[in-house]
Amino acid sequence: MTLKSDIRAEAEALQAIFADAVPVDAPMLVSADTLLDLYGEDIRGRAFTTHDPDRGELMLRPDFTVPVVQMHMDGGAEPARYTYLGEVFRMQDAGSGRPTEYLQLGYEVFDRANPLQADAEVFALMLKALDGLPVRAVTGDIGVLLAAIEALDTTQARKAALRRHVWRPRRFRALLDRFTGKGKPAKGRAEYLKAAEEEGLAAMIARAGPPIGLRTTDEMNARLERLRAEAAADPIDQTQAEVLVSLLALKSPLSEAVEALQNFAVDLPGLQGAVEHFAARVDALKAVGVSVSDIPYEASYGRTQMEYYDGFVFGLLAPSPSLPPLATGGRYDALTRQLGGGREIPAVGGVIRPEQVHALRRAQA
């Protein structure tokens with residue numbers, strides 16, 4: 001057998017663990033507009049694109065989750081469990097040696113009645129699939145971070161900006177510093193506000209000459225009002241900001257994380273509901289046999305590579321930090337709402353990279 005067929009056989013053996021799920025396939029080409037709406041222009045650096053005269057710009061699927069969610073939201077039954085196995089395509093950094101095409105095995109659960117049990121089910125099945133391999137499990141919860149942002153005593157515009165950049169840690173910290181008054185205001189913004197106050201926006205536009213860009217005068221006026229509101233808003237309370245920063249740095253076993261999060265909720269009372277939800281998930285994990293004292297919780301896990309997740313997230317990591325995770329996954333309720341045109345259903349899933357599993361098994365042999 002060739003290496004490729006060996007990896008395929010490995011993948012099919014792993015997929016047998018998801019025997020209760022409905023096997024599905026997904027289109028090889030996905031609408032670029034859909035992915036750009038979800039990820040922004042950054043996706044162009046990670047995906048292969050092409051153009052169809054009838055369908056417009058398309059991308060080779062970078063994963064299965066988006067097309068599977070689209071398929072389900074177009075008329076799938078509830079509850080539903082799906083499994084899939086096929087190639088995905090990712091551009092890689094030059095010289096990385098990582099493949100641009102590889103197999104992805106996945107399991108997705110759409111369950112409105114028991115979302116916490118679904119979280120536990122998916123995580124436990126992923127652990128079972130990789131049982132016997134030297135992997136390190138790690139968990140997080142983007143929902144806790146989003147709840148902490150919402151609990152801040154500040155404007156909705158600032159909360160929206162922090163939510164938008166929660167997956168970009170440096171940008172997030174720069175925004176938080178600016179909103180607490182620690183960071184320096186952007187020079188261009190300050191000069192723009194000063195000029196607008198002194199001569200008015202209409203005069204500034206007239207002085208600049210004929211419009212060239214795509215923004216209308218109404219859009220420029222709206223932006224000016226947002227900047228004025230931001231400049232007039234009180235700084236975020238320093239204690240609350242420090243609580244948020246400390247929360248982002250939290251690392252502990254899952255069994256101890258509930259108490260740690262409850263301590264943060266003392267200074268951010270709006271966090272309490274998310275902590276109770278987190279505690280109920282820990283109980284659900286215990287109920288399916290997961291040893292929560294052996295599973296780490298890292299509050300910031302998932303912030304740099306899991307942009308469509310909005311709740312529980314997890315990874316099963318290879319022994320070497322230089323290697324990609326063997327499995328990742330999490331909850332993506334908001335994605336179903338976005339792709340469902342306003343309809344939504346709680347959803348959670350995970351993916352396994354069979355070639356990484358196969359390589360690790362060979363290294364052990």
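The values are calculated or read from the model by the stated rules, or taken from the named source; none is laboratory data. Everything numeric in this text was worked out from a predicted model, so none of it was measured. Using ideal geometry, Cβ is built from the backbone for each residue, glycine included, and neighbour counts are taken over all protein chains shown. Please note that ligands, DNA and RNA were not included when accessible areas were found on the heavy atoms of the full protein model with its side chains. Shrake-Rupley method; radii C 1.70, N 1.55, O 1.52, S 1.80 Å.
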Quiz prompt | Condition broken by residue 108, with the remaining ones in (1) out of contact with any Ser or Thr (no Cβ under 9 Å at 6 or more places or on another chain); (2) in a strand (DSSP E or B) satisfied | solution = (1)
Practice problem: All but one of (1) within 23 Å of residue 298 (Cα to Cα); (2) open to solvent by less than 10 Å² (accessible area, probe 1.4 Å); (3) in a loop (DSSP other than H, G, I, E, B); (4) not polar (S, T, N, Q) hold for residue 131, so report the exception by its number. | Solution: (2)
Quiz item: Out of segment 47-58, which residues are more than 23 Å from residue 167 (Cα to Cα), in contact (Cβ under 8 Å) with a residue 24 or more places away in the chain and open to solvent by less than 70 Å² (accessible area, probe 1.4 Å)?
Solution: 56, 57, 58
Quiz prompt | Filter result for the condition that a residue is of a type outside the set (A, V, I, L, M), crowded, with 17+ Cβ neighbours inside 10 Å and out of contact with any Phe, Trp or Tyr (no Cβ under 9 Å at 6 or more places or on another chain), over 321, 325 | solution = 325
Self-check item: Only listed residue being among the charged types (D, E, K, R), surrounded by fewer than 19 Cβ atoms within 10 Å (Cβ to Cβ) and under 19 Å from the mean Cα position of the chain (by Cα), chosen from 44, 61, 8, 112
Solution: 44
Quiz item: Could you list, in sequence order, the residues of segment 17-32 that are over 23 Å from the mean Cα position of the chain (by Cα), in a strand (DSSP E or B) and not aliphatic (A, V, I, L, M)?
Solution: 23
Quiz item: With 35, 14 as the choices, which residue is under 22 Å from the mean Cα position of the chain (by Cα), crowded, with 18+ Cβ neighbours inside 10 Å and in a helix (DSSP H, G or I)?
Solution: 35
Quiz item: Among all residue pairs at least 6 apart or on different chains, which show Cβ distances below 9 Å where the first residue, located in segment 339-351, is closer than 19 Å to residue 107 by Cβ and the second is open to solvent by 50 Å² or more (accessible area, probe 1.4 Å)?
Solution: 339/70; 345/78; 345/79; 345/112; 345/337; 346/112; 346/113; 346/114
Practice problem: Would you check which residues across segment 64-85 are over 22 Å from the mean Cα position of the chain (by Cα) and either over 18 Å from residue 332 (Cα atoms) or open to solvent by 30 Å² or more (accessible area, probe 1.4 Å) (or both) and list them? | Solution: 74, 75, 77, 78, 79
Quiz prompt | Pairs, first over 15 Å from residue 363 (Cβ atoms) in segment 318-334, second assigned to a loop (DSSP other than H, G, I, E, B) and among the hydroxyl-bearing types (Ser, Thr, Tyr), C-beta under 9 Å, six or more apart | solution = 329/309; 330/308; 330/309; 331/309; 332/308; 332/309; 334/308; 334/309
Quiz item: Taking the condition touching a residue at least 40 places away in the same chain (Cβ under 8 Å), assigned to a loop (DSSP other than H, G, I, E, B) and open to solvent by less than 30 Å² (accessible area, probe 1.4 Å), does residue 297 pass?
Solution: no
Practice problem: Might you check whether a residue that is free of Cβ contacts under 8 Å to residues at least 12 places away in the same chain, closer than 30 Å to residue 359 by Cβ and exposed (fewer than 14 other Cβ atoms within 10 Å of the Cβ) occurs anywhere in segment 252-268? | Solution: no
Practice problem: Any residue in segment 1-20 that's among the polar types (S, T, N, Q): show its pairings with residues that are surrounded by 12 or more Cβ atoms within 10 Å (Cβ to Cβ) at Cβ separation under 8 Å, as long as the two are six or more apart or on different chains. | Solution: 15/83; 15/85; 15/105
